[in-house]
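Just below is one structure, and these are the notes that go with it.
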Amino acid sequence: MSGKYLIVNADDFGMCRAANLATFDLFEKGGISSSTVMIPCGWAPEACKWAGEHPQYAVGVHLTFTSEWGVYRWGPVAASGTDSLRDEFGFFYHENDEFEDHCDIGEVETEIRAQVSRAVALGLKPSHLDNHMGSLYGLNGNYEVMPKTFEVCGQLGYAFRMFRKIREQDVPSDFPDGVPVDVARMIVNGYASCADENKVPLIDYLLFPEWTEETRRDYNIYREYILERLSGIEEGISETFIHPSLECDELKGITALWRCRVWEHKLFSDPATRQHLESKGITYINYRDVVRMRKAENKD
């Protein structure tokens, strides 16, 4: 595929009101091209309603199987048949490895379908599906969850955020210990084949957000790092994801890293960000475009 295409996805839409307001703003300013809603969270109904009223924007479902914060928690949408997905308090587990260790694959399917069904009932027409915290990638050794996800996506007719290619420089620092890049490539190749079998459109590259002590220290350092990183994408379809929010007490009560989310909103609400990337020959697209582009490729 010739050309450099970029999806900027706002993850965690619906997680809290501050995230919703930031996402509304970024769509309206053209700072993002896509977003995905955390259906188990309390502000998902507002996010889905807004998306249904603004069909020009591509909004999908952020399939959620973890609940990472200390005091702000959520659990499965499906009221029954999800016991293996719940901790002792009835919430999702905090971390991916806990989810992978405990989950029953049939209950994973039940919950995927429940989250998509609720999204549709709340007024959303999903453009695609992706995954909160990457829990469905099975990078901690559970290699059942990703194939099952592709099976369900294929049956429901959705694209999914999974990448076909992995570059060493794109491997995040929190990638599971002991998994070499060549092994990761083997896993990714296997997943891509599974997606193809289920006719699930994929992107080519995924740029995981990387926050360091230095980028957290100063907004301008963060800004320059992101602009340089995104300017260097390969030909094909790349995606990066952000977690934008507005500064408020609600957000500060959820996470000590609230400033990162506020800075993400600040950077991508600045029209100079998109102008800079487009000056590098990069075209913003969304998952509706991905579906269309992959269909055209398959016809050739």
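Readers should treat all values here as calculations from the given coordinates under stated rules, not as data from a laboratory. Quick caveat, the model's predicted, so the values are computed rather than measured. Reconstructed Cβ throughout: ideal geometry from the backbone, glycine too, with neighbour counts over all protein chains shown.
Past 28 Å, Cα to Cα: identify those pairs from K148/K266; K165/K280; K148/K295, in the order given.
K148/K266
What's the magnitude of the charge dipole for the chain around its Cα centre, counting Lys and Arg as +1 and Asp and Glu as -1 at the beta-carbon? Answer in Debye, nearest 20.
1220 debye
Taking R0 as 30 Å, what FRET efficiency do you get between V179 and D87 from their Cβ-Cβ distance, rounded to the nearest 0.05?
Result of the calculation: an efficiency of 0.75.
Highest GNM mean-square fluctuation, the chain, Cα pairs closer than 10 Å: which of D87, D218, D25?
Result: D218 has the largest fluctuation of those listed.
Which of I233, I254, I32 ends up with the largest GNM mean-square fluctuation for the chain, with Cα atoms connected below 10 Å?
Comparing I233, I254, I32 in a Gaussian network model of the chain, the most mobile one is I254.
Points 7 angstrom from Cα along the Cβ direction at H54 and E234: gap in nanometres?
3.3 nm
Round to the nearest 0.05 the FRET efficiency obtained for K295 and I221 when R0 = 51 Å and r is the Cβ-Cβ distance.
0.80
For the charge dipole of the stretch 209-265, defined by +1 on Lys and Arg C-beta atoms and -1 on Asp and Glu C-beta atoms about the Cα centroid, which residue among W258, Y219, I233 has the Cα displaced farthest towards the positive pole?
Farthest towards the positive pole: W258.
Relative to a virtual label point 7 Å from the Cα of H102 in the Cα→beta-carbon direction, which members of the stretch 117-154 show backbone nitrogen distances below 19 Å?
132-146
Can you give the helix-only mean residue ellipticity at 222 nm for the chain, where every DSSP H stretch with n ≥ 4 adds -39500 (n - 2.57) and the sum goes over all residues, rounded to the nearest 500 deg cm²/dmol?
Result for the chain: -13500 deg cm²/dmol, rounded to the nearest 500.
What full-extension length gain, to one decimal in nm, is calculated for A121 and A272 as 0.36 nm per residue of separation minus the Cα-Cα distance?
The span from A121 to A272 would gain 50.6 nm if fully extended.
Quick check on the chain: of the DSSP beta bridges with both residues there, what percent are antiparallel, nearest 5%?
Looking only at bridges with both residues in the chain, the antiparallel portion is about 5 percent.
Which whole-number percent of Cα pairs in the stretch 158-232 have a distance greater than 19 Å?
In whole percent, the long-distance tail amounts to 47.
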